[in-house]
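Any read-out appearing in this document is the output of simple, stated calculations on the displayed coordinates, not a laboratory observation. Small disclaimer: the values here were computed from a predicted structure and weren't measured. For neighbour counting, all protein chains shown are included, and Cβ atoms are generated from backbone atoms with ideal geometry for every residue, glycine included.
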Amino acid sequence: MGALVKERNIVLRGADALSQNGFTQVPNCMLKSSKLSPGAKLTYAMLLSYAWQNEYCFPGQETLAQDMGSGLRSVVRYIKELEEAKFLKIKKLGQGRVNLYELNLTVPKGGRVKVERIGRS
């Protein structure tokens, strides 16, 4: 599995110092949601950055906290917030193992995402 994670499936030509390590797209409805804290949004973006090219992610919460420049307790709170908002589903893999995070990129059945528009009325 380590070889899969290291394998590149996209080549970026002309990458500069800012973009050479990749970038992450985050759905606008998630970024503009007034129901999520800025920390939860950053947590979602970080999880996407881990998973975007390989369709899976399983970072430890300590890794997330370190990469975000946040505390472990905050990360736990942000993950719970994302789970309650149905942006994230957690599969526990067992004691001593990291969790598997499933990121929801669609609107749940029966759910509605309010798209907040910015601009002229």
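Taking R0 as 30 Å, what's the FRET efficiency between GLU84 and PHE23 from their Cβ-Cβ distance, rounded to 0.05? Spell out each step's value before the answer.
Values: r = 28 Å, r/R0 = 0.93.
Approximately 0.60, to the nearest 0.05.
For LEU82, neighbours were defined as the other residues whose beta-carbon sits under 15 Å from its Cβ, and their charges (Lys and Arg +1, Asp and Glu -1) total +3.
Output the relative contact order of the range 24-103, whole-number percent, from Cα pairs under 8 angstrom with separation of 6+ residues. Intermediate values should be presented prior to the final figure.
Working: 88 pairs, mean separation 23.9, N = 80.
Relative contact order for the range 24-103 comes out at 30 percent.
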